[in-house]
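Report on one structure; see the data block that follows.
No lab work stands behind these numbers, since they all come straight from the coordinates. The model shown is predicted, which means the values in this text are computed figures rather than measured ones. Because the Cβ atoms are built from the backbone with ideal geometry, glycine has one as well, and the counts that use them run over all protein chains shown.
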Amino acid sequence: MNTNPDETRLALWLDDELTGADLADMEAWAATRPEQLAAREDIRSFRKMMAANLPASEEPPYPDFFLSRVNQGIRELQHAAAAPKAATAFPFWKSWMMPLAACAGMVLAFGVGKRTAGTPGALAVVPSISPIVYTPEEGVDAQWFSSASAGASVIVLQGVSAIPDSTDFSETVYVPTARESDRTATRETDSKDSAKQ
Amino acid sequence: MNNPSGEPSNTTPCPRDHTRGDAAAEESEEDFRLVGLAQKGDMGAFDELVVRHRGKIYAMIRNMVKNDADAWDLSQDVFIKAWQALPRFEARARFSTWLYRISHNAVYDWARKRKIESAGELNDEIFDREKIDSSAKTAPSFVESPDDALSTSELRGKIEAALGKLSADHREAVILKDVQGLSYKEIADVMECSIGTVMSRLFYARQKLQTLLKDEYESR
């Protein structure tokens, strides 16, 4: 190789990306140029240092939960994509079936209401997308229940070891001070200050 | 730099690279097989793709955003976006390169949102806001002696701090090349720029890192 290589070719050679005839040509050209060989060694040693200290692959914390979250995100997307389709599925019926369906619904609701009157509403497992309840401890089973009418959600954990009486919860719970919990405290203080002035 | 949807168009032809060795070629072939199954709706195959690539994607994003929690969330977004765009993946690039490109878009979108929330300028301080978590879990591929491990951990902290002083573009170029081992062409595809731009960014990034790490670099 008599002529000098272009910048791209030189960069590819310096970074060990050339193969075959291209590599042979560049090696022949560089054989009489120690500064280029030194530059290549310099880059090789830099790459080696970087690769030795920064892992190319690093498992994310809680990898099983990571996968669950990805699956949950995909399910939510599928759910969101299906919703508009369902909404536009019966435009033909809308025009004349809607009033009829509304009347039928009212009659049905009235009938169901009469039968279940006086009985307390039971907690029901929400049929749509439920949140993932992640239990890092093996042997612990978690179930999630929600009642829209009661406005409550309950998580039942089974298999959790007993919490010792000596546990000091004050270390794990944030307890607001009187000033923080009383929204009027600042205002009263301010008004006292202004009264003094 | 990014397309609006955050999904790669995968239009740049990138023939399968057989110069990386048989293992890498086999890995790539297995990826294509799993992608084919996932495109037909096999969620198990997609789960396997997530498991195969989550480590690389998390490591790359963590090096960019320097915050474990954000890196964890962003890595999940990458795989959800990959699933959305999977029907358009044509196997003209390696699957991992395609994921890096989604990661690139996700990181820049994240930085843009942070900029809007903080009403500041889009600069590298966005990436440097959080301190490096030196106690982060790592999965080294070899067993080190305690002394070596301490030394590696210290040096890693210094390298990460030095990387934090680079611009986002320079940092990404050096991470993709010197940590993830991508070729110039693949980096150009991920960062949606020319090979000449990659060369320039890499040259200045390495030069600055060598200056910042002069003591460490010369002692080896």
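Listing for the model above:
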read-out	value
Filter on B:Lys40/B:Lys81; B:Lys158/B:Lys185; B:Lys56/B:Lys158 - keep pairs with C-alpha separation over 26 Å	B:Lys158/B:Lys185
Within 10 Å of each Cβ in B:176-185, the average number of Cβ atoms from other chains	4
Summed residue charge, Cβ within 15 Å of A:Gln158's Cβ, Lys/Arg positive, Asp/Glu negative	-3
Peptide A:45-52, shielding by other chains (average Cβ, 10 Å cutoff)	6
Fewest-first ranking of A:Val107, B:Val50, using other Cβ atoms within 10 Å as the exposure measure	A:Val107, B:Val50
Exposure proxy order (Cβ contacts within 10 Å, fewest to most) of A:Arg47, B:Arg62	A:Arg47, B:Arg62
Cα centroid separation, segment B:46-118 to segment A:1-80 (Å)	19 Å
Order of B:Tyr58, A:Tyr134, B:Tyr184 - criterion: other Cβ atoms within 10 Å of each residue's Cβ, fewest first	A:Tyr134, B:Tyr184, B:Tyr58
